[in-house]
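The block underneath contains the structure these notes are about, expressed in structure tokens.
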Amino acid sequence: MAQATDTTQAAGTTPPGAEDDVKVVGIVCNWCSYAGADGAGTARLKQEFEMRLLRVPCTGRIDPLFAIKAFEKGADGVLISGCHPGDCHYSEGNYYARRKFELLDRMLPFLGVEPDRFKYTWVSASEGARWQKVVNEFVTKVKALGPREGRAL
Amino acid sequence: MRIGVFVCHCGTNIAGTVNSKGIAARAAELKDVVHTEDLIYTCSEPGQSAIQKAIIEKGLTRVVVAACSPHMHEVTFRRTVEGAGLNPYLFEMANIREHCSWIHDDYDMATEKAYEILKMSVAKVRQLEALVPNEVSVNKDVLVIGGGVAGIQTALDLADAGLKVTIVERETTIGGTMARLDKTFPTIDCSACILTPRMVDAAQHENIEIMAYCEVDKVQGYVGNFTVDIRKKAAMVDWVKCIGCEICMQKCPAKAPDVFNVGLAETKAIYIPFPQAVPKRAAIQVEHCRWFQQGKCKVCERVCPADAIDYEQQDEYVQKEFGAIVMATGLDVFPWEEYYHEYGSGNIPDVISGLQYERMLNASGPTSGHVVRPSTQGIKGQEPEEPKTVVFIQCVGSRDESVGRPYCSSVCCMYTAKQAILTKSHAGMDTEVYVFYIDIRATGKGYEEFVKRAQTEFNVKYVRGRVSKLYEDVIDGSRKVIVRGVDTLLGKQVEVAADLVVLASGITAADGAVQLAQKLNISYDEWGFYKESHPKLRPVETNTAGIFLAGACQSPKDIPTAVAQASGTAAKVLGLLSRDKLKTSPQIAIVEQNRCVSCWKCVEVCPFSAPQKQEQRDGTFKSHIIETVCQGCGICVATCPVNCITLKGFTTDAIIDQIEELLLA
Amino acid sequence: MSDRQAKIRELAAAALSEGRVDYFIGWKQGFNPSEVIPAFVRSADEVDELVWNPLAHHNLTTFLKRKMPDPPNARIGVCVKGCDSRTLVALLQEELVDKERIYVVGVPCDGIVNRRRIEKEFPDEVVDISFAGDTVTAVTRAGDSMEFAKGDLLFDHCNTCRYPNPFYADDLAADPVPEPEDRTPMWGSIEEFEALSPAEKDAKLAEAFETCIRCFACIHACPVCVCWDQCVNRSRRPALVGQRVDTKENLMFQMVHMFHVAGRCPSCGACDRACPVEIPLYLLHRKMNKELYDMLGFEPGVSLEEKPAFQTFKLDDPFGEH
């Protein structure tokens, strides 16, 4: 594993259930990003608290509507992560996903969701350190925006 | 529905940061949860028994275990619940270790997060259905990609066990890197002498077919049923007729770089890489051939006693079917010339790589085994000189973040010691030999003793320190390579005026490894080494069922390790192919045909062609997914606008329920 | 315009009497002269009810999707404007329409008038709309009348039209009208909405979707929306959209529709025109098509050989950090 960077903030962390607690939903593919997150855990790479992961076989399984549904139900941030293009365990799933999520990424601001609240990326099974970095940077940005209140979405 | 929740302590791995007992007790408040329990080591025998006891006594219909990653123990616990009579797919794991206790420090917050993760898994388990695996028949033939020592070992083990093996090798001969070595550590036995008999065994084995000068073009299918397109490259020589007499090579007027000799010599445009090649057949490198480039010559055709030259030959494609594939694609050497400008970028003739030096030491190499200074070769009227001072520099392209290679290449300390000893044997005990090292890694059987021999018996001077610069200078009328380094044990800078410098260049993945991996959908790391399924527990399998690893393509290793691994790989392949039928995962996609609107989007997007247009009794067509072909990726599920395709185990409702459980307090 | 009307009638009559089609879809006068509605003509002596004027906004290709209650192998004639022909190509790209069984009459179009803009000028019902050159005259039941310049009344998407002439048609109802010099799409007034803050956007969307009554008119009018009774918006499984009619569920409903037509929506605007409560659906779809164009240079329904953008991919798609 590459150098571990400890970027968890110790002080000023919001206890869960507090007024400005944010909830971040991560939908990750089983073969690459979920395993990458496991790798980060095995190497004890400290991360922000707010990420909650859902496992799917492939990013190709993920309908952009899941992200919209998550925002609708009150998610403050949504992260999607899968295998790097070219490395999909099912060979093509992430190519389809890439197009769909690029469109989603461009549409969400139009629906009133700040751009920092959504991200799609690629983390491989051997990239535990990268997973830590992705999570910490993304959750920090979502926390800076705070909880999201929407009437339409 | 009766759900049982089991929360693991995992010793202190989880319980040290998460209140396992507490969240187990809290889980009793969740709807349908009728049993909760916390266990110190759930995967242990008492832990598994506790689960089974609860299933039977409480009539549980769903089980959630909150513990480590499903990658760790999902298989274990599926077997546990099946043992108690519950369908193994009515089981879900909540990852509160890798995704919680191991990445946080705050006890209260980690506990709260673990409980949320647990709740999400309970929401998911409610959506799971009992599933029964399908069976597919299995092809027992095996493809081994790469004919180096690891590929040969695996092939021989499998062939001896009665399986039919095809070795596809992209060079004209098998043997790989080991065929280029002179002697092997720590026994100093001749590499070719131990390898070539195995090469011949492989060639003569009734169960092994060697397809040399071939490459894998395309791989389709799945475990037990791979269909592979193999390209037979045009050698411009009919290999049925060619007898390997080498006359063409002797008479060919066109020179070409000699890849086998790592650029230390030249070969001819028509070539056989080395005398013990298996198969021993000639091939023409058309980019260096006078006939193909200028339309002149054809000497080889004239002199060939077997009439084997065929300038019209084309690449041919064949398709074969296999049940399992073994990757044994081996290694390449780190291209130090592109990175180590402080060592001359390859422009100083007397600075060479370890593999080049190996060729020089080899009696059948370009200098017939004589150790010479390359700067003194090819000068009219002068014999090449023997070096009086040889310097070895270890860790060139290994253990070096600045060139993006932080890893250790495993073999360089040992081969440097070997080459140092051989230098003394070939060039005389009075030759001054220095080795600049950071550490000595001599972990194998007899390895430490071997290095000690180099230092004591052969008087090789080991200097602990790195070399900052190499440059040429003339000292007392003699052309030297000045080696400027440091001796950290003495705390002094040192300088050696060397006649020859050998860089122990590190090991990289073979050229083209990444492209090949993408054809097979196997994972690789940032340097192109193939990823094993689990670094400790599954070191020879990949995450793609049916595809295995052997040798240096997985990580740098020495010959004993590669051979041991290769036999282990063979054992795994034998295990896979020991039955006539394989169970396939039942977590696949199914179309609810009542709702299908025949838009065929699923048919278009599936990478495996699993959905088919199926004629119904009323003459209309609906989509139908072939169970044994479906890999369970879910692309069709996300594509279907009606959302009438269900992916067992990962349904849309399960995903939505997990999201809602998390977000709706 | 009346030339086109005459030509449409002529072509329809010929197709019906020669037995080349079983029925012909065009436009006819609605309940009063101020309205135009779709017409289904089954014999040559009915063709005189077919009209053509700047109120003929319906995209008639929506009636071509399979699962229509046709006799088996029915052959269908249909009128298409320029924008409608893109829809037809989109349907053909996906093989949702059987090329062999349709007869397409293309109508070059100068722009369609937005009836609602006229209605907003009067408190009373508009009973007659007539056209003379570029002047539009509207008369109410009470007898009030007003004149308008046609240019002021055109639909948004007529103002950004790049394909006024149908490019997929068997016969044309008139000579082609002048084409724009380049086909680079224009996206109209998205920038105004894009410039709002996230909270303002949310407020505007909430305001619009509060009024949605889930009548499904947008879905029925949309030509590429083909799931009909199986639409997941009607279904309880999976539970993407609930039965409750509230702002968030209403927006989710539209998002389901929008993402399902992503990469296939040919920007015809039928959804917008169909909505009884005037939710700005075209704004959303236009934004989606603009982003699709920026991403891939792809416009749905322009080339028969192309595949819908999300049914395919390129290995080197130029986005998504690596």
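The values are calculated or read from the model by the stated rules, or taken from the named source; none is laboratory data. Small disclaimer: the values here were computed from a predicted structure and weren't measured. Backbone-built Cβ (ideal geometry, glycine too); neighbour counts: all protein chains shown. Protein only, heavy atoms only, side chains kept; ligands, DNA and RNA dropped before computing areas. Shrake-Rupley method; radii C 1.70, N 1.55, O 1.52, S 1.80 Å.
Before moving on, here are some points about what is shown:
- Considering residues of segment A:23-51 that are of a type in the set (S, T, N, Q) and more than 7 Å from every other protein chain (Cβ to nearest Cβ) only, the residue nearest to B:Trp102 (Cα to Cα): A:Ser33
- Members of segment B:541-554 that are within 9 Å of the chain's Cα centre (by Cα) and under 18 Å from B:Tyr222 (Cα atoms): B:Thr542, B:Phe548, B:Leu549
- Just one of the numbered conditions (1) open to solvent by 40 Å² or more (accessible area, probe 1.4 Å); (2) in contact with a Lys or Arg (Cβ under 6 Å, 6 or more places away or on another chain); (3) modelled with pLDDT under 95; (4) not hydrophobic (A, V, I, L, M, F, W, C) is not true of B:Ser468: (3).
- Of all residue pairs spaced 6 or more apart or on separate chains, those with beta-carbon atoms under 7 Å, a first member in segment C:261-274 that is under 19 Å from C:Pro164 (Cα atoms) and a second member that is acidic (Asp, Glu) and open to solvent by less than 10 Å² (accessible area, probe 1.4 Å) are C:Cys268/C:Asp84.
- Residues satisfying the stated conditions in segment B:629-665, i.e. of a type in the set (Gly, Ala, Ser) and open to solvent by less than 30 Å² (accessible area, probe 1.4 Å): B:Gly632, B:Gly634, B:Ala638, B:Gly649, B:Ala654
- So B:Gly244, is it open to solvent by 50 Å² or more (accessible area, probe 1.4 Å) and farther than 23 Å from B:Thr154 by Cβ: no
- A single member of B:Ala545, B:Ala550 is in contact with a Gly (Cβ under 9 Å, 6 or more places away or on another chain), open to solvent by 40 Å² or more (accessible area, probe 1.4 Å), among the hydrophobic types (A, V, I, L, M, F, W, C) and within 30 Å of B:Ser137 (Cβ to Cβ), and it is B:Ala545.
- Taking the conditions (1) crowded, with 23+ Cβ neighbours inside 10 Å; (2) of a type in the set (Val, Ile, Thr); (3) within 13 Å of the chain's Cα centre (by Cα) in turn, A:Thr121 satisfies each one other than (1).
- Tally, over segment B:562-608, of residues that are of a type in the set (Ser, Thr, Tyr) and free of Cβ contacts under 8 Å to residues at least 24 places away in the same chain: 1
- Yes/no for A:Arg99 being facing chain B (nearest Cβ under 9 Å), touching a Phe, Trp or Tyr at 6+ places or on another chain (Cβ under 7 Å) and either of a type outside the set (Gly, Ala, Ser) or closer than 27 Å to C:Asp246 by Cβ (or both): no
- Checking each residue in segment B:616-627 for being open to solvent by 40 Å² or more (accessible area, probe 1.4 Å) and among the polar types (S, T, N, Q) picks out B:Gln616, B:Thr620.
- Filtered by the rule that a residue be in contact with a Gly (Cβ under 6 Å, 6 or more places away or on another chain) and either more than 14 Å from chain A (Cβ to nearest Cβ) or open to solvent by less than 40 Å² (accessible area, probe 1.4 Å) (or both), segment B:567-615 gives B:Leu577, B:Leu582, B:Ile588.
- Elements of the type strands (runs of 3 or more DSSP E) sitting completely within segment B:61-137 and holding at least 1 residues that are under 24 Å from B:Thr12 (Cβ atoms) and in contact with a Lys or Arg (Cβ under 7 Å, 6 or more places away or on another chain): these cover B:62-67.
- For segment C:280-317, filtered to residues that are facing chain A (nearest Cβ under 8 Å) and touching a residue at least 24 places away in the same chain (Cβ under 8 Å), the residue that is farthest from the chain's Cα centre (by Cα) is C:Met295.
- Scanning segment C:95-116 for any residue that is of a type in the set (Ser, Thr, Tyr) and not in a strand (DSSP E or B) turns up nothing.
- C:His57 satisfies every condition listed in (1) open to solvent by 10 Å² or more (accessible area, probe 1.4 Å); (2) over 29 Å from C:Asp3 (Cα atoms); (3) under 18 Å from the mean Cα position of the chain (by Cα) except (2).
- Matching residues, segment A:52-76, being under 17 Å from A:Leu103 (Cα atoms) and more than 8 Å from chain B (Cβ to nearest Cβ): A:Thr59, A:Pro64, A:Leu65, A:Ala67, A:Ile68, A:Phe71
- Boolean, B:Asp350 is modelled with pLDDT of 95 or more and either touching a Phe, Trp or Tyr at 6+ places or on another chain (Cβ under 6 Å) or surrounded by fewer than 15 Cβ atoms within 10 Å (Cβ to Cβ) (or both): no
- Meeting the requirement of 3 or more residues that are at the interface with chain A (Cβ under 9 Å from one of its Cβ atoms) and within 29 Å of C:Glu299 (Cβ to Cβ), the helices (runs of 4 or more DSSP H) wholly within segment C:151-256 are C:190-194, C:198-210.
- Restricted to segment B:160-243, the set of strands (runs of 3 or more DSSP E) holding at least 2 residues that are among the hydrophobic types (A, V, I, L, M, F, W, C) and more than 21 Å from B:Pro275 (Cα to Cα) comprises B:214-222, B:225-232.
- Any chance C:Gly263 is surrounded by fewer than 22 Cβ atoms within 10 Å (Cβ to Cβ) and small (Gly, Ala, Ser): no
- Any pair with Cβ under 7 angstrom, 6 or more apart, that starts in segment A:109-125 at a residue that is at the interface with chain C (Cβ under 9 Å from one of its Cβ atoms) and ends at one that is open to solvent by less than 20 Å² (accessible area, probe 1.4 Å) and hydroxyl-bearing (Ser, Thr, Tyr): A:Thr121/A:Ser81; A:Trp122/A:Ser81
- Flag if B:Ile103 is of a type outside the set (D, E, K, R) and free of Cβ contacts under 8 Å to residues at least 12 places away in the same chain: yes
- For segment B:16-60, filtering for residues that are open to solvent by less than 30 Å² (accessible area, probe 1.4 Å) and closer than 17 Å to B:Ala110 by Cα leaves 7.
- Residue check for B:Thr646: among the β-branched types (Val, Ile, Thr), out of contact with any strand residue (DSSP E or B) (no Cβ under 6 Å at 6 or more places or on another chain) and more than 10 Å from chain A (Cβ to nearest Cβ): no
- Taking each residue of segment B:1-13 that is assigned to a strand (DSSP E or B) and looking for partners that are basic (Lys, Arg) with beta-carbon atoms closer than 7 Å, six or more apart or interchain, yields B:Ile3/B:Arg62; B:Gly4/B:Lys58.
- Pairs meeting the criteria (first residue in segment C:134-161 and in contact (Cβ under 8 Å) with a residue 12 or more places away in the chain and polar (S, T, N, Q), second residue open to solvent by 40 Å² or more (accessible area, probe 1.4 Å) and assigned to a helix (DSSP H, G or I), beta carbons under 9 Å, at least 6 apart or on different chains) are C:Asn159/C:Gly151.
- Looking at B:Val463, B:Val483, just one residue is assigned by TED's automatic domain parsing to the domain that holds B:Met360, under 23 Å from B:Pro406 (Cα atoms) and modelled with pLDDT of 95 or more, and that residue is B:Val463.
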